[in-house]
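The following block contains the structure, expressed as structure tokens.
The values are calculated or read from the model by the stated rules, or taken from the named source; none is laboratory data. Quick caveat: nothing in here was measured; it's all calculated off a predicted structure. Using ideal geometry, Cβ is built from the backbone for each residue, glycine included, and neighbour counts are taken over all protein chains shown.
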Amino acid sequence: MRILVTGAGGQLGRELIEVLASHEVHGRDHRGLDITDRQAVVKIVEEVRPSWVINAAAYNDVDVAEEASELAFAVNAAGAGYLAEAAARAGAEMVHISTDYVFDGRKGSPYTELDRADPLSVYGRSKYEGELQVQSAHPSACVLRTAWLYGEYGKNFVKAILKAAERGGPLKVVADQVGSPTWTRHLAQAIGELIQTPARGLFHVANAGACSRFEFARAIVQGRVEVQPISATDAARPAPRPANSALDSARWQAAGLRPLPAWESALADYLGEDGRRR
């Protein structure tokens, strides 16, 4: 298949380029394609003529977005909509990546695709608006909500904790925010499987299970340094985060797609690759 991947310079985008290498993949990072430029989006889709457009481009600095709402909405909402319009017009299918931050975290149990979105932050609101624009412009698009991404590329929580641990403990990590950590390798592989099937619509796709940031950090450092729990109030981050945004991937499995492994085994595999990160 001929596949256009936007956001190809990001942590998921780079993983997708590798995982989908058996296909004809055209990757565009933000320098190669500004998705907020409608004409540029139309031009690249017409040039590539893809069978799939996978949108991994996003403005994802959650805290900075609070003061940069115009940019966050331009990328996460309008840009996503432009891609969906162009893909639909070209007869291409689409995968759009969204986030667990579309939820307010007050449910107290994992969210399914049937639960109502109620984002707390500018980032969350911009991503939810992007979902709506994609679904409106391209009704058969696949919208995938995922969570707490980490992997080989880019900045992420796992890398930050490992770097902090190298400097020595104790590390103070928020214990009252729960989510579903997801390895970009597994997500990219799941997308590779999805595009071979007739499954369409909204899906939650994350490594199975859930943990707090504190529990996640302890699993990352494996006892090398002390990790101390703090509250989200203590952390005093500019953007509010959902207290529990764990995702339930039931619809994904109901569509006959393989569930992603448990977050604990995914993290162990990531940390253990070639012993590079131990």
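Looking at region 192-238, which of the residues that are assigned to a helix (DSSP H, G or I) and acidic (Asp, Glu) is modelled with the lowest pLDDT?
Result: Asp234.
Let me ask something additional. Would you check if Gly13 is crowded, with 17+ Cβ neighbours inside 10 Å, in contact with an Asp or Glu (Cβ under 8 Å, 6 or more places away or on another chain) and not acidic (Asp, Glu)?
Here the answer is yes, as Gly13 does meet what is asked.
Can you name the residue in region 197-216 that is of a type in the set (A, V, I, L, M, F, W, C) and in contact (Cβ under 8 Å) with a residue 60 or more places away in the chain and is also surrounded by the most Cβ atoms within 10 Å (Cβ to Cβ) among such residues?
We begin by selecting, within region 197-216, every residue of a type in the set (A, V, I, L, M, F, W, C); these are 199, 202-203, 205-206, 208, 210-211, 214, 216.
If we keep only those that are in contact (Cβ under 8 Å) with a residue 60 or more places away in the chain too, we end up with 202-203, 205-206, 210, 216.
On the way: Leu202: 16, Phe203: 25, Val205: 25, Ala206: 32, Ala210: 22, Phe216: 25.
Checking each candidate, the answer is Ala206.
If you check Asn76, Asn60, which single one turns out to be surrounded by 20 or more Cβ atoms within 10 Å (Cβ to Cβ), at pLDDT below 95 and among the polar types (S, T, N, Q)? Let's see the steps before the verdict.
Working: Asn76 fails: at pLDDT below 95.
Just a single option satisfies the conditions, and that option is Asn60.
Given (1) assigned to a strand (DSSP E or B); (2) surrounded by 22 or more Cβ atoms within 10 Å (Cβ to Cβ), where does Lys172 come up short, assuming only one miss?
(2)
Residues of region 112-143 being among the hydrophobic types (A, V, I, L, M, F, W, C) and surrounded by 21 or more Cβ atoms within 10 Å (Cβ to Cβ), which ones?
Scanning region 112-143 gives Val122, Val134, Ala141, Cys142, Val143.
Quick check on my filter: what residues within region 98-145 are within 18 Å of Gly179 (Cβ to Cβ), hydrophobic (A, V, I, L, M, F, W, C) and not in a helix (DSSP H, G or I)?
Within region 98-145, Phe103, Ala117, Leu120, Leu144 meet the criteria.
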